[in-house]
Every structure is written in C-alpha cells, then in structure tokens.
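This report refers to the structure that appears directly beneath it.
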Amino acid sequence: MNAHKLLSLAAALWLLGGCSMAPKLTVTPPELPEQSTASADTNASTLGATWWKAFNDETLDALVEEALQNNDDLKIAASRVDQAAASLGFSRAERYPTLDGGASAYRQKTSGETLSPFSGFIYNSYDLSVTAAYELDFWGKYKNLEAAARGQLIATEADRETVRIGLIAGVAELYFNLVSLRRQIIVTEETVEAFKESYEYRARQFQHGAIDELTLQQSHALYATAKVSLASLREEHALAENAMGILLGRSPKALLEAAYDTVSMLPEPQSVPADLTSSLLERRPDVLAAESRLRTANATIGVAKAAYFPTISLTGTAGYSSSELDNLLNASAQMWGLGAALYVPLFDFGRIGNSVREAEAKKDEAVTLYAQTVKVAFKEVYDALAKIRAADEKLTAQEEANTALEKVLSLSQRRFDSGYGTYLEVIDAKRLLLASRLNLVQLSAARITNQISLYKALGGGWERARP
C-alpha cells in the first residue's frame, strides 16, 4: 500500500465523520419597534460610509484620514483580526490528515560482548518514508472548533469596525469641540478687551471724582473675572488639541507641536436619518459581534460534549528501508504499515461534565450579552434623537435670552449713566450676556455633536457583510 492509497483511505473516512454535538441555535433579538416614532429627512439605510464629508470641511476630512491610518487602537484591533484569522486557519487545518515525510541514514556497530547472533556486526540503515495520521471527527469536535473560530473571527472583524466608527465619530466630535472652543475664545477675547476699556474708563472717572471707588473696583473685578474665563478656555483648547493628537496617533514630539487650523465658525447642522426599524441590527457591528460570540459559545458546547465519546485515530506509513543505499529504491525494499487506535474515556471524576456545564453557562452569558447589546443599541439611538430635539429647543430659547440680555445691558447702562441705577446692575447684565453668548456657541456645537452621536449609533455607514 503506497502513500496515495493511504491518503485516499483517510479522505474517505473523513467524509464519514462530521456529525455535531452542538445544540441547535436560534438567535432571537428582544422585542423590537415596528417603526420609528420620530420623523426624519432621510432614511437611516442611506447613511453614507463617509458621512463626515457632508460638513464640507477639508481639515476635518484630513484629520479623519490621518486617524484611520495611524490610530493605535485601530491598529490593535486590526492585529486582533489577524490573530483570529490565523486561529481559524489552524482550526480548519485540524479537520484534515497530517502528512509527514522523513529520510534517515544510520551506521552502527553492535557490541561483540553480547549473546546476540548479530554481535560485533557493523551495518548501515537507510530509510525513506511518508507517514499519514488522522483523527476521525465522528462527533464534530473539529467541525465545531472551526465554527467557533469562524465566529470569533467575525466578531473580531466587527469589533474592529466598532473601533473604526467610534474613532471617526471621536475625531469629528473633538474637531467641532475645537471649533467651538476657538469661537468661545474669540468671544471672550472681545469681551475682555471691552471690559478692559471699560475699567480704564472708570479709572479715569475715579481720578476726576466722577465715581466712587466701589464702582471702580466692581469694574476691575469684572475685567479680572473675564480674564480667568479666557485662561480656562485656552487651557481647555490645549487639552482638546492633545486629545486630538492621541486619536491621530501622533508622536510625543508632534503632540507638543500640534496646531490645528480649524474653521472659526460652526457649520450648519446636517439632515440626519432617524428610523428605528430592525434594520438597525444590520448596521451595528457590535450587534453582529455579540451574535457571533453567541454562535461561538454554542459551538464550544459541541466541542465539550464530544469528549464524552470515543476517539478513533488512524496512522499509516509507507516507504523504503535498506542497509545498502544502492538498494533503497528497489521493490524489495518497500515497507508499509497501517494502524488504528481507540481512546475511550472511562472515569474522569467530572472533568468532562464540568467542562460541558461551563460551556453551557458561557452560552447563557452570551445570550444575555447579545440581548443587552441590542437594547443598548436602540437606547443610544433614542438618546441621540432626544438630545437633538432638546438642543434645537435650547438653542432657540437661548437666542431669545441673548436678545433680551442685550436689551437689559443697554437699559442698565442708560439708567446708570442717568444716575437712576447702580453699576452693579450693569455688571450683572454684562456677565449674563457673556455667559449667554458662550452658551449659544456651546449649544450650536452640541447640536452637531449630537448628530454625530446619532451617526455613530446608527452604525456609521457600515454595511454588514457576513463571511
């Protein structure tokens, strides 16, 4: 029997195996809404993979591309995908026979002081052989190992996509935070300059006896407080730049030298999708990851249960053996061997049973995690929609308040100049107006970042693909 016949026999026996001890799995998500109660300008299924480009900001586009190329978390996620792919390849290879070739040359002299009839002989040994081995997968152990590895690969790929979506959203949110902070700094710088001029004017008035020292110090305090606010905003802007550098994967040197040429005004908000149909499950990579890990856990039960049953292994060897190298390939030098081994577990003191129970408990955990992931997915969408609606309402109300505070300041200043009001009223009006102007910028930024959160919650334009 030659190596070709051995391989043919092993392949035939392989086709006989392959039943699975894994339980049947039906993935049922929690009760889902039939349709969204929220209105939207577009359907969520049209959410583009490059949604951030709708803001028409070249700087933002460049930062996103840099992050996708250099971010450390994304690189780690990609490495984990490579590891899972290699693990799947290894598990798949375990379902096939092994084939090894060998050759040896050996010269030996036996002892002349033994009772063997071959004592004192010098002889040579030459061998050339091929060995095949295969474990029959009657109970689906290796089949389930491959299924588990495949599920882990799918989950890891989905994890990478979750990191990618979060990274893009994080860069966009941080970028518009920088724009907002830059705008707040401009507003505060203008206010500080105005307060400085007012303080200097009050100082001249005090020198000429037109006002008392209380009014002077109140003006001075207002000016100094505004400078504190400006310093705080500049600090926050610097920290945001450092955070952006980390997202972009920049080196410490580049982090120190970072300077981001952001626009000075926030863009108009975009029309956003808002449907909450079950198609959300097709767009969220974390939902796919949880589902795949559930399938992996189910397949692992089959691996554990297969240990209850006998293991049958086949081995075969074919080749040539001769004491003379010239005769190694002669027909008379042929040799072969074929064998089978049976392993039956008898007493393991609960090892297999506990292994099965552990696998079943992990599956129960995966079922709950899958359901939890689906619930969190919808919660994040609901939260983003609620924040968008609230931001619009807050922004409208703040604009009304800003207009009213401008009138309050004008009236307070007029009353003080006419001698009917106190300077404290003017200070309060200025302080409230500054806070209102800054809040307007913050609310405008919040409206955009809430839309970004919705893009992220809807899967960020990712199109689910099942291997």
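Per the 1.4 Å probe, what fraction of the accessible area of the chain, in percent, lies on carbon and sulfur atoms?
Working: 14270 of 26040 Å².
Answer for the chain: carbon and sulfur cover 55 percent of the accessible area.
For the chain, what D do you get in µm² per second when you plug the Kirkwood radius from alpha-carbon pairs into Stokes-Einstein at 37 °C and 0.692 mPa s? List each step's numbers first, then the result.
Numbers: Rh = 29.5 Å.
So the translational diffusion coefficient is about 111 µm²/s.
Given H placed 1.01 Å from N in the peptide plane, which residues other than close sequence neighbours of I211 have an amide H under 5 Å from its amide H?
F206
Calculated from DSSP H runs of 4 or more alone, at -39500 (n - 2.57) each and per residue, what is the 222 nm mean residue ellipticity of the chain, nearest 500? List each step's numbers first, then the result.
Details: 10 runs with 284 residues, N = 467.
Helices in the chain give a 222 nm mean residue ellipticity of -22000 deg cm²/dmol.
Given bins 10 angstrom wide, list per bin the percent of all Cα-Cα distances in region 98-253, short to long.
8, 14, 12, 11, 10, 9, 7, 8, 6, 5, 4, 3, 2, 0
With a 1.4 Å probe and all protein chains in place, put D61, D100 in order of accessible area, largest first. Let's see the in-between values first.
Working: D61 35, D100 90 Å².
Correct descending sequence by accessible area is D100, D61.
Once amide H atoms are placed 1.01 Å from N in the peptide plane, what residues at a sequence separation of 5 or more from M335, or on another chain, have their amide H within under 5 Å of its amide H?
Excluding prolines and chain starts, which carry no amide H, the hits are G319, Y320, S321.
For region 102-163, what is one quarter of the convex hull surface built on the Cα atoms, given in nm²?
Values: hull surface 39.3 nm².
Convex hull of Cα atoms, orientation-averaged projection: 9.8 nm².
Starting from the residue with the highest accessible area, list E425, E113, E393 in decreasing order, probe 1.4 Å.
Values: E425 75, E113 170, E393 130 Å².
Result of the area sort, largest leading: E113, E393, E425.
Largest first, what is the accessible-area ranking of R414, R202 with a 1.4 Å probe?
Working: R414 145, R202 10 Å².
The most accessible residue leads, giving R414, R202.
Given H placed on each backbone N at 1.01 Å, which residues far from E135 in sequence or on other chains put an amide H within less than 5 Å of it?
L314
Classify region 375-457: rounded, prolate or oblate, from the alpha-carbon gyration tensor (a ≥ b ≥ c, eigenvalue square roots; a/c under 1.5 rounded; otherwise prolate if a/b is larger than b/c)? Walk me through the numbers before you get to the answer.
Values: a/c = 4.79, a/b = 4.44, b/c = 1.08.
Note, shape of region 375-457 comes out prolate.
Using Cα positions and a limit of under 24 Å, work out the lysines in reach of K305, with same-chain residues fewer than 8 apart set aside.
Those lysines meeting the cut-off are K24, K141, K143, K362, K363.
Explain nothing, just the number: dipole magnitude of the chain about its Cα centre with +1 on each Lys and Arg Cβ and -1 on each Asp and Glu Cβ, in debye rounded to the nearest 20.
On the way: 47 positive and 57 negative charges, 209 e Å.
Roughly 1000 debye, rounded to the nearest 20.
The values are calculated or read from the model by the stated rules, or taken from the named source; none is laboratory data. None of the values given here were measured: they were computed from a predicted structure. Don't worry about glycine lacking a Cβ; one is built from the backbone with ideal geometry, like all the others, and counts go over all protein chains shown. Ligands, DNA and RNA are excluded from the accessible area calculation, which covers all protein heavy atoms including side chains. Shrake-Rupley method; radii C 1.70, N 1.55, O 1.52, S 1.80 Å.
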